[in-house]
Each structure stands twice: as C-alpha cells, then as structure tokens.
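Asks: Below you'll find the structure I mean.
What follows draws every value from the coordinates through simple rules; no lab data is involved. Nothing here was measured: the structure is a model prediction, and the numbers come from that model. Glycine also receives a Cβ, built like all others from the backbone with ideal geometry; neighbour counts cover every protein chain displayed.
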Amino acid sequence: MKSVYIRGNASLYGEVTIQGSKNAALPIMAAALLVPGMCVLRNCPCITDVEYMCRILTSIGCRIERRGREIRIDAGALTDSRLPEKYVTRMRSSVMLMGPLLGRIGEVSLSHPGGCVIGDRPIDLHIKALSRMGAACRDEGDRLSAVSCGLRGTLVRLDYPSVGATENVIMAAVAADGVTCLENCAQEPEIGWLCDFLTACGASITKKGPGRLLICGQKKLHPCAYTIPADRIVAGTYLCACLAAGGEALLRGAPEGENEALEQTALRMGAGLKRSKDALWIKRTGTLLTPGRVETGSYPAFPTDLQSPLLVAMAQAEGESSMKETVFNGRFGVVEELNRMGAGIEVKKNTARVPGARRLKGKHVRAAELRGGAALVIAGLCADGETIVENRFYVDRGYEDICRDLRLLGACVQDG
Ligand code: UD1
C-alpha cells in the first residue's frame, strides 16, 4: 500500500489500543545480542523498523522466531560483525548495534546509518564514548568500523544527552570490565525500559540521580522474557489527531506519566483529559485554544517526535502559536506540504509561527519522513474534501497500521 486516503472534516469518536513502543523495542532487540540464549520479547510492534532489525540480527547469525508480536532472539551463535548495508542505510537505529557487538565479540563494521530525513544526524557522541571505553573506531568514508580487545568501564560524560549514544554506552558498559559512570545521559522513558530489560537479564545498572547511571560490567547474563511497553509517541500522535480534528477518544494502554508535556499543552488548548488505570480519555469539542509557545527538548520537555503532529493542531487553534525545535535542525520539512493545504506556517531559523484558525483543504501530498507523514494524515482529518498522503512507507516505519487505528477512532481513512 503506497498511500493513505482520508476524507476529512469529521470529528473522531472511538477507542484504540496503543501498540508497543518502537523506540523501546529497537534498543532492546539490540541488547539481546549481549545475552547468550533465547530472549522472548512480547508486544513488539509490527512495523518496518522492527522487521529490518530482525533481518539485520539474522544476517549476523542470530536465530529469530517471530509469531505476530512475539519475537524470540537467540544470539548464542553470532557469526558476523559486518552489518548489511541494505538495512543499515534505511534505519538509523542500526548504530545502536555498535555497543553490544563490541561488547560481545569485540568488533563491528557498518555503513553510515540512514534513517529519517530530519536534519544532521552525526554519530560523533557514540564514537567518542565508545572510544573512551577502549574501542578503536575508524571512519573509512562510506563504512565505519570499530574493534576492541576488551571494553573497560570508565567515566563517560556525554556532551549532549543523545538517546542513541546513551543506549550504546549502556550496552557496551554491561559487557565492559569494571564500573562505568555515565553522566549527562538521556532520560527518555525508553532508556529506563532498556535498563529494565538488561537488569532482568542479570545486569547491574543503578540510577544515581537525574542523567546519571552506574553500570557494573561483566555480570553473567541470562535470557529473559520481557513485554515491550506501549508507545508514548503513537499515543501522543492520536491525542494530537483528536485535538486537531475534535471529538472524543479513548487511548487504551496509553502510557501514564510519559507524555506530561503534551498533556499539559492539550489542557491549555481546551481539551478535557481523564486518566484511568490503563487508558487515557481525551475530549475536545469546544473551541481549540492556542497553546502559546511550545519548545521541543530532551525528556521531559516536549518531544521532537510530536512536534509535527502538534503543528497541525496549532494550525486549527484560535490565535497564533509558535513552535521552537531545539533537537533536530531539519524537522520543519513537513511545513511546505502543510502550507499547500493552507496552514500558513512561517518558519524562521528553528521556530515556526503558526497563525491558527486555518481551514485546511484536502490535497495530494507527499510524506518525506515518519512523524511528518503522520502529521499529514492528521491534517487530512481536519481538511475539507479528500487528502491523499503518498509515500506511506515512511509512516509504516513507526505505526503498525495508522489507517486501522484511525478507523477505530471513527475516521474515514483508507489504504491505497
Ligand atoms: C532517538 C529516537 C527518535 C527521537 C530522538 C530524540 C529512537 C530509535 N529514536 O533518536 O525517535 O526523535 O531520539 O528524542 O529511539 N547528535 C549528535 N551526535 C551524536 C548523536 C546525536 O550531534 O552522536 C544530535 C542529533 O543530531 C540530534 C540530537 O543529538 O540533533 C538528538 O539525537 P539523539 O538523541 O541521538 O536521537 P536518536 O537516538 O537518533
């Protein structure tokens, strides 16, 4: 299926269950490389990035069994440290295989990782941290290789709390000799899930205050069964959809306490929110108010992954809003397509000014990356007439089936 067809201008009413988290599943699948024996991961989302990760792991000698959302990974007999270019260039998260492969077999070689087109995505912080732990990293132009004859625990202070670099260091440190003190690390919930998984496998990881972890390496690891938690970004996307299009939605399994910045923004915009033990209910039937200024940042600040979906809601609000993007420098790419639909957004440097109160018009638009693609689908829900979002494969990298989910929320959406 290449496109999403949306008949717009209708409120959402319904309920949907939130899928497992992409950003938790991918590093945990990578971490399974550290464990000799069969790990069982439940509730893995059925998305392209998870499929690519399975293929990469299989190509280096892991035995993978997949039944629906359950993936069994046995990394007992790794045979290769060279990651296949075909998948690595499509998925940036493949860089997080560096730490566990260095830890497990002392070498890794990969082409420069790809991923969504959302600005500069260097991996200098990964290289700097792994080098400090004893890896010799070499950039050979189109390929990157690293070897180590034994990683060692040490003090690693990240210049910026990069999510991927934090995950790489944690996985390397679990295999390293001695204690690693990781400072200024990312605090996204997915870091906690990775540590939970590794701890369940026997690793010793202790949180020592905000952004500081102590990891005692070389503990004997054993396989475990682990359930991937719900995806806060998917839950947030559907919350933005309901904010923008109006209506009432029940998001079953939506994570609690992980979307505070977005939920506070939704309340400022006039939505009603109610939390029960395992669901989040949102109602937005009256006027949508401007949230004023929103700025993305590292967790717990407003997540960059929800910036584009929220822009669509801002375009529907009464009054002007602004969005400052501080994490990725190329993340306003979707604005051009939103403006073709009539959003009237102006971008200057890293800030978008959204005039608000715009009637969007259904158009033929093109996704260029994952979250921007989801934002275009939300714009289609609010627009008059029909919207066709092409390049659906970008959206499928992170959403199991955005059409299925939005239909459950009452939208008129079709695959095509
Ligand atoms: C992860 C998430 C992604 C999310 C992002 C920020 C996964 C699979 N992906 O991506 O959905 O948008 O966190 O919350 O979990 N940087 C450097 N040098 C480095 C590494 C990063 O300069 O070596 C910069 C990046 O260019 C970017 C910023 O740091 O500007 C944040 O990147 P990072 O936190 O590493 O994001 P990812 O781990 O790639």
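Asks: Kindly give the semi-axes, whole Å and largest first, of the ellipsoid equivalent to the chain, taking each as the square root of 5 times a Cα gyration tensor eigenvalue.
Replies: 38, 21, 20
Asks: Here's another thing I want to ask about it. Listed here are the pairs Lys208/Lys283; Lys207/Lys348; Lys277/Lys363; Lys207/Lys283; Lys86/Lys349; Lys283/Lys324; which of them are more than 28 Å apart at the Cα?
Replies: Lys208/Lys283; Lys207/Lys348; Lys277/Lys363; Lys207/Lys283; Lys86/Lys349
Asks: Also: Give me the angle, in degrees from 0 to 90, between the Cα long axis of helix 370-382 and the longest principal axis of the Cα atoms of the chain, rounded to the nearest 10.
Replies: That helix lies at roughly 20 degrees to the long axis.
Asks: Helix 307-316: angle to the longest alpha-carbon principal axis of the chain, degrees 0 to 90, nearest 10?
Replies: 10
Asks: For region 1-45 and region 324-339, what is the separation of their Cα centres, given in Å?
Replies: Going from one Cα centre to the other spans 24 Å.
Asks: Right, something else. Relative contact order, percent, of the chain when contacts are C-alpha pairs under 8 Å separated by at least 6 residues?
Replies: With pairs under 8 Å counted, the relative contact order is 21 percent.
Asks: Once the Cβ-Cβ distance between Thr79 and Leu289 is put in as r, and R0 is 56 Å, what FRET efficiency do you end up with, to the nearest 0.05?
Replies: Details: r = 58 Å, r/R0 = 1.03.
Working from the Cβ atoms, E equals 0.45.
Asks: Right, something else. At 0.36 nm per residue, and after removing the present C-alpha to C-alpha distance, how many nm does the segment from Arg353 to Arg67 gain when stretched out fully?
Replies: Difference between extended and current length: 98.4 nm.
Asks: On a 0 to 90 degree scale, rounded to 10, what angle separates helix 22-31 from the longest Cα axis of the chain?
Replies: Result, in degrees: 10.
Asks: From the helices alone, meaning DSSP H stretches of at least four residues, give me the mean residue ellipticity at 222 nm for the chain, per-run term -39500 (n - 2.57), in deg cm²/dmol to the nearest 500.
Replies: On the way: 14 runs with 132 residues, N = 416.
The helix contribution divided over the chain gives -9000 deg cm²/dmol.
Asks: Strictly greater than 17 Å: what percent of every Cα pair in region 191-248 meets that?
Replies: Summing the P(r) tail past 17 Å for region 191-248 gives 57 percent.
Asks: Follow-up question, since we're still on this one. For a bin width of 5 Å, list the pair-distance distribution of region 159-213 built from all Cα-Cα distances, rounded to whole %.
Replies: 4, 21, 35, 29, 10, 1
Asks: Continuing with this model, one more query. Return the Rg/Rh value of region 276-386, two decimal places, where both radii are evaluated on C-alpha atoms and Rh is the Kirkwood radius.
Replies: Radius of gyration relative to Kirkwood radius: 0.96.
Asks: Give me Rg over Rh for region 337-409, both radii from the alpha carbons and Rh done the Kirkwood way, two decimal places. Numbers along the way, then the final one.
Replies: On the way: Rg = 12.7 Å, Rh = 12.9 Å.
My calculation of the ratio gives 0.98.
Asks: Now, a different point. Per residue and in cubic angstrom, what volume does the convex hull of the Cα atoms of region 120-188 have?
Replies: Dividing the Cα hull volume of region 120-188 by its residue count gives 84 Å³.
Asks: Same structure again: Work out the length of the dipole vector of region 337-403 about its Cα centre, built from +1 on the beta-carbon of each Lys and Arg and -1 on the beta-carbon of each Asp and Glu, and round it to the nearest 20 debye.
Replies: Values: 12 positive and 9 negative charges, 95 e Å.
Using Cβ point charges on Lys, Arg, Asp and Glu, region 337-403 gives about 460 debye.
Asks: So how far, in whole Å, is the C-alpha centre of region 137-186 from the one of region 48-117?
Replies: 17
Asks: Here's another thing I want to ask about it. If you bin the C-alpha pair distances of region 193-330 every 5 Å from 0, what whole percents do you get?
Replies: 2, 9, 17, 17, 15, 12, 10, 7, 5, 3, 1, 0
Asks: Another question about this same structure. Once you have all Cα-Cα distances for region 1-108, histogram them in 5 Å bins from zero and send the whole-percent values.
Replies: So the P(r) values, bin by bin, are 2, 11, 21, 22, 16, 9, 6, 5, 4, 3, 1, 0.
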